[in-house]
Amino acid sequence: MMSEELQKARTFEEIYAPCVPENERPLFHVTAGVGWLNDPNGFSVYRGEYHLFYQYHPYSTHWGPMHWGHLKTRDFLKWERLPVALAPDRDYDRGGCWSGGAVELPDGRQLLMYTGRRVQEKSGMEVAYQTQCLAVGDGRDYQKCEGNPVLTAENLPGGCSPHDFRDPKLWREPDGTYRAVTVTCTEDGSGAVLLYRSDDGFSWRFESVLTRCRNEYGTMWECPDFFSLDGRQVLVVSPMEMRPMGLEFHIGYGTVYMLGRYNREKGTFSRESVRSLDYGLDFYAAQTLETLDGRRVMIAWLQNWATIACQAHGIRCYGEMTIPRELSIRDGLLIQNPVRELERYRVNPVCYRDILLSEEISLEGVRGRVLDMTVSVAPTSGSGYRCFKVRVAKDGERETTVQYEPDSGVIQIDRSRCGAPYDITHVRKFLVRQRQREVKLRFVMDRHSLELFVNDGEQAASLLLYTPESADVISFEAQGGIVRMDVEKYDLAMS
Ligand code: FRU
């Protein structure tokens with residue numbers, strides 16, 4: 001039996017999703033059916049297709065009691081919308097069905113694990129408890145399990161808060177057992193990642209504290225993911241209240257990846273390196289899956305809680321996901337590039353080689369807002385240069401700039417003139433991995449977003465552009481010298 005709440009959300013979406021004009025949505029990035037979207041959830045393979053759920057409040061363009069929206073895809077770019085999967089309709093999740101994961105069961109069903117948020121009144125104050133809950137289904141319709149919640153305060157080690165216990169990400173081990181990681185808040189006021197285990201996917205027990213934040217990287221952590229990649233173990237978390245650290249970490253909500261050692265016997269993870277996962281302005285709550293052909297692909301919310309002040313596009317639909325990105329490890333760094341399937345959607349190639357560049361110029365055929373463009377720059381012999389600048393989404397008044405200074409190795413993105421009406425963070429700087437005079441920048445743009453990939457995916461920076469789509473000029477400039485520039489640009493089109 002479908003609950004009234006779920007029925008209502010499905011009907012609402014059925015009526016209003018078609019009313020969102022197509023030009024208010026990006027072309028190939030995931031958006032909500034209608035209303036509000038935040039974290040990706042349950043990003044996983046099911047019956048040979050890739051499923052993605054998301055934190056969803058269909059009834060307004062603001063965060064509210066969370067539902068799970070649902071889509072699926074075969075190539076990460078063309079998505080099929082499915083009906084709302086979960087609604088907050090039980091005592092244990094009436095405060096919202098918060099983030100979680102999904103896995104395919106050997107009997108052909110799909111298992112979802114999510115955080116049920118229950119709000120209770122205590123001495124006149126509202127107190128929220130978070131527990132982990134299950135639902136099983138067929139890729140379209142889901143039943144919440146009788147035994148819910150399956151992980152509660154009782155399954156927390158001493159000193160961990162039942163008010164901050166959330167965001168399970170689960171997977172199946174090669175031996176057929178299951179693991180899940182969740183986050184919690186410990187006595188020192190900062191986060192920890194907990195490891196849970198199940199033999200059948202339904203009955204769960206606490207295994208170990210995988211690692212603690214110890215107030216080193218932010219305070220509370222959110223949305224963990226844990227996987228091995230190219231012989232390394234990777235932990236991804238989204239910390240709250242990060243302190244700035246050089247140009248590596250900025251203040252506030254961040255997303256970091258840690259490479260380290262996983263001691264399977266003890267269930268512990270010791271971190272060896274910690275870096276930003278994305279250096280842009282709008283990126284949070286990343287989640288990954290392993291594709292049918294063995295690639296690790298990540299998707300994230302193309303937004304940050306601190307920069308929600310404005311609406312990038314449309315008024316009926318708020319929030320979008322990043323382009324799914326293939327991950328790999330190279331020289332101790334996590335490398336990320338758009339999924340290779342994107343190349344199938346390239347049209348109208350325009351290619352320039354060996355342009356000698358100094359003053360600001362535009363190139364015939366190089367403009368647009370839905371595109372994939374790679375720009376490579378090298379100094380000409382004997383000539384240094386101080387700064388290389390690309391301006392995008394430009395018209396008479398507005399522009400967003402990406403610039404590289406070879407002396408300092410600093411890349412700066414600046415959207416303060418993009419048309420945004422509020423004083424949220426608009427500028428960010430970060431250091432390239434190896435300071436050198438050459439630089440390669442790949443711009444993936446989809447109407448109101450720009451995802452920048454630096455030096456073949458060594459770093460990425462994601463941001464929203466609050467600029468009307470008519471502003472589609474792109475220009476290039478080198479200051480303090482002449483550079484040699486190659487440009488390869490494609491429009492992206494959905495066939
Ligand atoms: C992260 C987060 C999660 C939580 C969800 C609620 O963005 O705060 O920790 O489960 O959003 O929507």
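The set of residues in the range 37-59 being among the polar types (S, T, N, Q) and more than 14 Å from the ligand (Cβ to nearest atom) consists of Ser44 alone. If I ask for residues that are surrounded by 17 or more Cβ atoms within 10 Å (Cβ to Cβ) and farther than 13 Å from Val487 by Cα, which ones from the range 348-379 would you list? Residues satisfying the conditions are Gly368, Arg369, Val370, Pro379.
Would you call Gly108 outside any strand (DSSP E or B) and touching a Pro at 6+ places or on another chain (Cβ under 8 Å)? No: the conditions fail for Gly108.
Would you check if there is a residue in the range 72-82 being in a loop (DSSP other than H, G, I, E, B), free of Cβ contacts under 8 Å to residues at least 60 places away in the same chain and closer than 22 Å to Glu341 by Cβ?
yes
Check Gly69 against each of (1) away from the ligand (no atom under 15 Å from the Cβ); (2) within 17 Å of Val30 (Cβ to Cβ); (3) among the small types (Gly, Ala, Ser) and name the one condition it does not meet. Of the numbered conditions (1) away from the ligand (no atom under 15 Å from the Cβ); (2) within 17 Å of Val30 (Cβ to Cβ); (3) among the small types (Gly, Ala, Ser), the odd one out for Gly69 is (1). Filtering the range 295-315 for residues that are within 24 Å of Ile413 (Cβ to Cβ), among the hydroxyl-bearing types (Ser, Thr, Tyr) and either without any contact (Cβ under 8 Å) to a residue 24 or more places away in the chain or in contact with a Pro (Cβ under 9 Å, 6 or more places away or on another chain) (or both) leaves an empty set. The conditions are (1) surrounded by 12 or more Cβ atoms within 10 Å (Cβ to Cβ); (2) in contact (Cβ under 8 Å) with a residue 60 or more places away in the chain, and Gly176 fails exactly one of them. Which is it? If we test Gly176 against (1) surrounded by 12 or more Cβ atoms within 10 Å (Cβ to Cβ); (2) in contact (Cβ under 8 Å) with a residue 60 or more places away in the chain, just (1) comes out false.
For the range 362-374, state whether one or more residues are within 12 Å of Glu477 (Cβ to Cβ) and outside any loop (DSSP other than H, G, I, E, B). Within the range 362-374, not a single residue is within 12 Å of Glu477 (Cβ to Cβ) and outside any loop (DSSP other than H, G, I, E, B).
Quick check: is even one residue across the range 229-236 within 27 Å of Thr115 (Cβ to Cβ), of a type in the set (Val, Ile, Thr), touching a strand residue (DSSP E or B) at 6+ places or on another chain (Cβ under 7 Å) and more than 16 Å from the ligand (Cβ to nearest atom)? Yes, the range 229-236 contains a residue that is within 27 Å of Thr115 (Cβ to Cβ), of a type in the set (Val, Ile, Thr), touching a strand residue (DSSP E or B) at 6+ places or on another chain (Cβ under 7 Å) and more than 16 Å from the ligand (Cβ to nearest atom). In a residue-by-residue description of the range 225-239, the property of being outside any strand (DSSP E or B), closer than 29 Å to Arg275 by Cβ and not hydrophobic (A, V, I, L, M, F, W, C) applies to at least one position.
Restricting attention to the range 2-42, the residues being in a loop (DSSP other than H, G, I, E, B), under 27 Å from Trp305 (Cβ atoms) and in contact with a helix residue (DSSP H, G or I) (Cβ under 9 Å, 6 or more places away or on another chain) number 5.
Table: residues versus (1) of a type in the set (Gly, Ala, Ser); (2) on the phi > 0 side of the Ramachandran plot; (3) surrounded by fewer than 16 Cβ atoms within 10 Å (Cβ to Cβ).
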{"residue": "Met2", "(1), (2), (3)": "no, no, yes"}
{"residue": "Ile15", "(1), (2), (3)": "no, no, yes"}
{"residue": "Thr31", "(1), (2), (3)": "no, no, no"}
{"residue": "Gly48", "(1), (2), (3)": "yes, yes, yes"}
{"residue": "Gln55", "(1), (2), (3)": "no, no, no"}
{"residue": "Trp79", "(1), (2), (3)": "no, no, no"}
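If the condition is being polar (S, T, N, Q) and either crowded, with 23+ Cβ neighbours inside 10 Å or part of a loop (DSSP other than H, G, I, E, B) (or both), then the range 179-210 contributes Thr182, Thr184, Thr186, Ser190, Ser203. Selection of the range 256-297 for residues being hydrophobic (A, V, I, L, M, F, W, C), within 16 Å of the ligand (Cβ to nearest atom) and either part of a strand (DSSP E or B) or modelled with pLDDT under 95 (or both) yields Val256, Ala285, Ala286. Could you go through the range 104-124 and let me know if any residue there is within 24 Å of the chain's Cα centre (by Cα), within 16 Å of the ligand (Cβ to nearest atom), closer than 23 Å to Thr322 by Cα and of a type in the set (Gly, Ala, Ser). Within the range 104-124, none of the residues are within 24 Å of the chain's Cα centre (by Cα), within 16 Å of the ligand (Cβ to nearest atom), closer than 23 Å to Thr322 by Cα and of a type in the set (Gly, Ala, Ser). State yes or no: is Gln303 surrounded by 18 or more Cβ atoms within 10 Å (Cβ to Cβ), within 14 Å of the ligand (Cβ to nearest atom), assigned to a loop (DSSP other than H, G, I, E, B) and not aliphatic (A, V, I, L, M)? Criteria met by Gln303.
The values are calculated or read from the model by the stated rules, or taken from the named source; none is laboratory data. What you are looking at is a predicted structure, and each value in this text was computed from that prediction instead of being measured. Heads up, the Cβs are rebuilt from the backbone with ideal geometry, glycines too, and the neighbour counts pull from every protein chain shown.
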